[in-house]
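Visitor: One structure, as structure tokens, below. Some questions next.
The values are calculated or read from the model by the stated rules, or taken from the named source; none is laboratory data. Note that the structure is a prediction, hence the values are computed from the model and not measured. Cβ placement follows ideal geometry from the backbone for every residue including glycine, while neighbour counts extend to all protein chains displayed. Calculation scope for accessible area: heavy atoms of the full protein, side chains included, ligands and nucleic acids excluded. Shrake-Rupley method; radii C 1.70, N 1.55, O 1.52, S 1.80 Å.
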Amino acid sequence: QVQLVESGGGLVQPGGSLRLSCAASGSIFSINAMGWYRQAPGKQRELVAGLTSGGITIYADSVKGRFTISRDNARNTVYLQMNSLKHEDTAIYYCYADKTLRRYWGQGTQVTVSS
């Protein structure tokens with residue numbers, strides 16, 4: 001089992017920044033990839049950014065150049081630095097971790113971009 005705990009969400013004005021954190025615990029050996037999805041009200045959950053154990057990153061087109069995913073192996077934590085935030089980035093952000101054939105999810109953290 002892998003447990004994921006997100007933090008760092010909140011309310012921010014358009015153009016502002018937030019950094020989300022996702023701390024993994026439990027059976028973290030051989031996690032293949034970690035990353036972030038988001039789900040806005042009335043919309044499907046969508047991939048925001050992912051990072052493989054080999055260092056390959058993937059981003060949604062809508063966040064390229066604004067969001068950066070990174071990992072601190074010593075802390076078993078993955079981060080999502082979000083800059084130049086827009087109203088449309090408002091959503092619940094979920095951390096995920098892939099291990100063997102299973103995907104684990106965190107509980108989610110709310111990000112609201114509003115003036």
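Visitor: Taking interchain pairs and intrachain pairs at least six residues apart, which have beta carbon atoms under 8 angstrom, with the first residue in region 55-77 and without any contact (Cβ under 8 Å) to a residue 60 or more places away in the chain and the second open to solvent by 90 Å² or more (accessible area, probe 1.4 Å)?
Guide: Ser62/Glu88
Visitor: Of the residues Gly54, Gly10, Gly26, which single one is over 11 Å from the mean Cα position of the chain (by Cα) and closer than 26 Å to Ser115 by Cβ?
Guide: Details: Gly54 fails: closer than 26 Å to Ser115 by Cβ; Gly26 fails: closer than 26 Å to Ser115 by Cβ.
Result of the check over Gly54, Gly10, Gly26: Gly10.
Visitor: Separate question: In the set Gly15, Gly9, which member is farther than 12 Å from Tyr96 by Cα, open to solvent by less than 50 Å² (accessible area, probe 1.4 Å) and touching a Ser or Thr at 6+ places or on another chain (Cβ under 9 Å)?
Guide: Gly9
Visitor: Scan region 27-66 residue by residue and report those that are in contact with a Leu (Cβ under 9 Å, 6 or more places away or on another chain), closer than 20 Å to Val5 by Cβ and aromatic (Phe, Trp, Tyr).
Guide: Residues satisfying the conditions are Trp36, Tyr37.
Residue by residue, here is whether (1) modelled with pLDDT of 95 or more; (2) under 21 Å from Ile28 (Cα atoms); (3) touching a strand residue (DSSP E or B) at 6+ places or on another chain (Cβ under 6 Å) holds:
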position	(1), (2), (3)
Arg66	yes, no, no
Ile69	yes, yes, yes
Tyr79	yes, yes, yes
Ala97	yes, yes, yes
Thr100	no, yes, no
Ser114	yes, no, no
